Amino acid sequence: MQFSVEVTDILDPLPGLVAAGEVDGRRVFAVWRDGAVRLLDDRLIEVAHRDVSLADDARVLAASALDLVIIATQGAVVRVSAQVDVLDLPADAAAILEGLPLIAVPGEAIHRLLLLEPTAGVVIAEQTVDVDDARAFIYPHPHDGSAILEFAMGQDGTLAYRVDVEESALRLSAILEGDDPVVAGFAPTGDRLLIAQYPSGPETVRILTWPELDEAARVDGGEVDAEYGFGLAGCWIDDDRVAFYATEDALMVAAGDLESPERVELPIAFGDDGEIESLTPLGRGGVAVGTWTPAGRLTLVVEMTEA
């Protein structure tokens, strides 16, 4: 697999950066920063914003451009649409499925999954999952209105559920039981999943078919001399390529069947001097690489094109 790599920008950290759909055929992303929800293009350049005065801990959880944005702040959910509403719910994850906000609300030894009416904020469906001391993550399918709900439980590993919205009702189905999966995202076509393993067993990266969840490919750390296995960060660059992190080693890029993995040079050192914390596909072969260094966090905009 031949490709060229260029770091086109080095930006301040972008915590809470989320995919926000497309505008004029190009992917856009939303982030809350400095008193506003900011809409960024596929090079992470701001193209629009909406002033929303919130505390410094505000974080975008889900967005559809600037038309509907779900933000978590100080134990509450802020819904930005035609108006700005504050809901007294301590959400830790959200998505927009079939135009409806879906939020995960932690409680004592449970998580509530709430489906909201998009304009009034009224709960129209609810499911409860028994899970203790967990953080939720929601990964929407790119086309079919489903999602994967993942719970990270520290030393207890992970749980995962398929979520479907059916006539404004919620249906949850447990998936990948016993696997401790870490979901790294759907392929753009929606027919495959990139899966990492929890840090207690980071030896492999896998691709599963969707919705069957059959294993289609895997790469083991020993095959690519990844001494410490793989980290949690990963993404689909496009339908034909994936990116993932060999811990304390390098960003890696492989074909969509995990063949021909290659190390990618970045302008940071790894090990004690740097880590990759997140990988966000930007479209057009671009990836936002969220990094930690002793000097602070940075976001690298990396463009990968065929050589």
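Readers should treat all values here as calculations from the given coordinates under stated rules, not as data from a laboratory. Because the structure is predicted, anything quoted here is derived from the model rather than measured. Cβ sites come from the backbone with ideal geometry, for glycine too, and all protein chains shown count toward neighbours.
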Cβ-Cβ cut-off under 13 Å around residue 195, Lys and Arg +1, Asp and Glu -1: the net charge is -3
The exposure ranking of 108, 275, 306, 150, fewest beta-carbon neighbours within 10 Å first, is 108, 306, 275, 150
Residues 81, 278 in order from fewest to most other beta-carbon atoms within 10 Å are 81, 278
Gyration tensor (Cα only) of segment 77-120 to equivalent ellipsoid, semi-axes in Å sorted down, yields 19, 12, 7
Note, residue 280: beta-carbon cut-off 12 Å, +1 each Lys/Arg, -1 each Asp/Glu, net -1
Once the dipole of the chain is set up from charges on Cβ (+1 Lys and Arg, -1 Asp and Glu), the residue from the list 298, 115, 236 lying farthest towards its positive end is 115
A correct Stokes-Einstein calculation for segment 1-121, using the alpha-carbon Kirkwood radius, 20 °C and 1.002 mPa s, returns a whole-number D in µm² s⁻¹ of 142
Neighbour-count ranking for 71, 268, 124 (other C-beta within 10 angstrom, fewest to most) reads 124, 268, 71
Burial-style ranking of 83-95, 47-59, average other-beta-carbon count within 10 Å with highest first, yields 83-95, 47-59
Shape call for segment 178-224, from the Cα gyration tensor axes a ≥ b ≥ c (a/c under 1.5 means rounded, otherwise prolate when a/b beats b/c, else oblate), comes out prolate
Cβ-Cβ cut-off under 9 Å around residue 247, Lys and Arg +1, Asp and Glu -1: the net charge is -4
Taking every alpha carbon pair in the chain and sorting the distances into 10 angstrom bins from 0 up to the bin holding the longest one, the percent per bin comes out as 6, 27, 36, 24, 6, 0
Taking the square root of 5λ for each eigenvalue of the C-alpha gyration tensor of segment 181-259, the equivalent ellipsoid has semi-axes, largest first and in whole angstrom, of 19, 13, 10
